[in-house]
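**Student:** Structure below; questions to follow.
What follows is calculated from the coordinates using simple rules that are stated; it is not laboratory data. As the structure is a prediction and not an experimental result, all values here were calculated from the model. Methodologically, a virtual Cβ is constructed for each residue, glycine included, from the backbone with ideal geometry; neighbour enumeration extends over all protein chains shown.
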Amino acid sequence: MGKASLKVSGGKMINTKVELRNGSIISVQFTGDFFLHPEELIEVIESSLFGKRLGEDDLAQTIDHVLQEHNAQLIGASAHDFARVIMEASQ
Amino acid sequence: MKWRVIPLKTHDAATAMALDEAASEAVRVGGPPTIRFYRWLPSAVSIGYFQSMENEVDLDACRRFGVDQVRRRTGGGTVYHDHDGEITYSVIAPESFFSKDIIASYNLICGWIVDAFSQLGISAEFQPINDIVTLGKKISGNAQTRRGKVLLQHGTILYDLDVKRMFSVLKVTEEKISDKMIADVEDRVTCVRRVSNATRDETYQALWEAFTKDKDFYKGEWTEKELAYAEELAETKYSTREWNFQR
């Protein structure tokens, strides 16, 4: 289980806990003081990452896709920030 | 439609949050847009929707001091709601009353608080994303959610500050402090009492004036239906471990 935190410059804090198996994500959880509308989408974002291999751009794209699909707004952090903190937690 | 403004009341943490949800539901089915003011008894810590209670809150300290805990349905950070040290407000209205741009809507509602501060002789400004600052220090924190085409924004106006108590019940992360490049937490936060001679009642009156200015409003109360639903939510949601410790 890897953990990492990122304070987004001019934004909010993101903490993550990531579990990997053979280089793929088998569980990920985000906590922090960011805003996401609608809030419940965080669980969809987390499950969308299941089975994904590590790679900042690909992970960011997956998260972005979920956000766009649900017309969601992330405030105080970006999809890339979420991807970055996963990469950090996976080291 | 006329705004209903509910005068200052005191609630426990679960009820305070349950009433916001009950009012949101009422607005969703055509009830009046609502502004409410409240205080917390016992004093409580609220955490944002995405926060972890165990990571943010010193639960042993809360037990020692009789401080309640609740998770909000809004994002944002951890707040210590001291019974004597703050006034909390909520604005619950159809989303269509406000800009689609979330920061613009924060700016609008926070502007009412800035106006109230101005009446008290305090020069403050909205600092995106969701703070109000005076002389570089935070004096109000705010959080918003939009669900079912209803906007809920609630926030706290710091009247008095017991920093020692505040930080005894919060787990303040090093990263956050160092990012703001301020070692001393007292330097980051202030309160009405430290920057003005206004009493808490004068602060509340100024908030009432500023929030109702230019609005068609009436002084109202909760409906029986809202109270019953809030009681149910307080019991089945906001006081449960399942909700409060979900993340």
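**Student:** Name the pairs whose Cβ atoms lie under 6 Å apart, with the first residue in the stretch A:25-46 and over 24 Å from residue B:105 (Cβ atoms), the second among the aromatic types (Phe, Trp, Tyr), and 6 or more positions between them or separate chains?
**Tutor:** Sorted first by the residue in the stretch A:25-46, then by its partner, the pairs are A:31/B:50.
**Student:** Would you pick out the residues in the stretch A:22-44 that are under 17 Å from residue A:88 (Cβ atoms) and aliphatic (A, V, I, L, M)?
**Tutor:** Those that are under 17 Å from residue A:88 (Cβ atoms) and aliphatic (A, V, I, L, M): A:25, A:28.
**Student:** Turning to a different aspect of this structure: Can you name the residue in the stretch B:13-42 that is without any contact (Cβ under 8 Å) to a residue 60 or more places away in the chain and closer than 26 Å to residue B:247 by Cβ and is also surrounded by the most Cβ atoms within 10 Å (Cβ to Cβ) among such residues?
**Tutor:** B:40
**Student:** Tell me, which strands (runs of 3 or more DSSP E) lie completely within the stretch B:2-99 with 2 or more residues that are within 22 Å of residue B:138 (Cβ to Cβ)?
**Tutor:** By residue number, B:34-40, B:44-47, B:68-71, B:79-81, B:86-94.
**Student:** With the condition kept exactly as written, say whether any residue in the stretch B:95-109 is free of Cβ contacts under 8 Å to residues at least 12 places away in the same chain, away from chain A (no Cβ under 14 Å) and touching a strand residue (DSSP E or B) at 6+ places or on another chain (Cβ under 7 Å).
**Tutor:** no
**Student:** Turning to a different aspect of this structure: Just checking, how many residues over the stretch B:43-56 are among the small types (Gly, Ala, Ser) and either within 9 Å of chain A (Cβ to nearest Cβ) or surrounded by fewer than 23 Cβ atoms within 10 Å (Cβ to Cβ) (or both)?
**Tutor:** Looking only at that region, the number is 2.
Yes or no, residue by residue, for (1) away from chain B (no Cβ under 11 Å); (2) buried (at least 19 other Cβ atoms within 10 Å of the Cβ); (3) in contact with a Leu (Cβ under 7 Å, 6 or more places away or on another chain); (4) more than 28 Å from residue B:149 (Cα to Cα):
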| site | (1), (2), (3), (4) |
| --- | --- |
| A:24 | yes, no, no, yes |
| A:33 | no, yes, no, no |
| A:49 | yes, yes, yes, yes |
| A:63 | yes, yes, no, no |
| A:74 | no, yes, yes, no |
| A:78 | yes, no, no, no |
| A:83 | yes, yes, yes, yes |
| A:91 | yes, no, no, yes |
